[in-house]
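The values are calculated or read from the model by the stated rules, or taken from the named source; none is laboratory data. Computed from a predicted model, the values in this text were never measured in an experiment. Cβ placement follows ideal geometry from the backbone for every residue including glycine, while neighbour counts extend to all protein chains displayed.
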Amino acid sequence: MKNCIALVTSIMMVALLGSPLQAQYDGKAKMKKEKTKMMAEKDILDVAASSKMHTTLVAAVKAAGLVETLQQPGPFTVFAPTNAAFEKLPEGTVATLLLEENKEQLQALLTYHVVPGKITADQVVKAIKANDGTATLTTVNGAEIKAISEGNAVYLIDENGNRAQVFKTDLEASNGTIHVIDTVVMP
C-alpha cells in the first residue's frame, strides 16, 4: 500500500510540475512560430534591414538602386554577406563601391549574391549530393556560383575561387529566402 501511495504521489508531482514546464515549452514554440510568420510577411530587404549584422548590405542595396528589385514578388534566394564579411574586403573597397560612379559595379556585385527562385538549404544540399559534390547556381547577374559541402558545412565558391561559408539558412521572407554567408563573393 505504501508503494502505491508513493507511486500515485510521484505521478501527481510529475503531472503538477510537468504542466508548467510543458506550457513554457509550448509558449516558446508558439513565439518562435509567430516570429517566423512575422518575418515571412516581410520582403527580403525588410528582413535584412531588421538584422544588425546586415547594415552594410542594406546600405549597399540602397546605393545600388536595388531596393525596388528586392521588393518585387520574386521569389529570390539571397546569399547575404554580414557586416564582418564586408570588412574582410581590402580597405576602402566598400566606400569606393558606394560612390555613384561605381553604381554598375556595385549592382553586379550584389546581384551575384542573388539566385532566381526560392532555394532552401535542404535543396542546396540535395543538389550538391546529386551532382557529385558541386551544385552550380546561376545568379541574377548571369554569372555562376558553385556550392559544395565539407563535413556539415556548405560553402559558396565564386568565379575567382574565393570561399564563403553559409552559416545561417532559410530566413523566410514574403518574396524568397535568405542564407547568411561570412564572405563577400565576387563575380
Inset, instruction - Evaluate segment 73-80: report whether one residue or more is more than 22 Å from M53 (Cα to Cα) and at pLDDT below 95. - result: yes
Inset, instruction - Assess whether L98 counts as being under 20 Å from E68 (Cβ atoms) and either among the charged types (D, E, K, R) or surrounded by fewer than 18 Cβ atoms within 10 Å (Cβ to Cβ) (or both). - result: yes
Inset, instruction - State whether one or more residues within segment 139-148 are surrounded by 18 or more Cβ atoms within 10 Å (Cβ to Cβ), assigned to a strand (DSSP E or B), on the phi > 0 side of the Ramachandran plot and under 16 Å from the mean Cα position of the chain (by Cα). - result: no
Legend entry - Test: T69 is surrounded by 14 or more Cβ atoms within 10 Å (Cβ to Cβ), at pLDDT 95 or above and out of contact with any strand residue (DSSP E or B) (no Cβ under 7 Å at 6 or more places or on another chain): no
Legend entry - Members of segment 103-124 that are surrounded by fewer than 16 Cβ atoms within 10 Å (Cβ to Cβ) and either more than 21 Å from A49 (Cα to Cα) or within 23 Å of the chain's Cα centre (by Cα) (or both): E104, Q105, P116, G117, T120, A121, D122, Q123
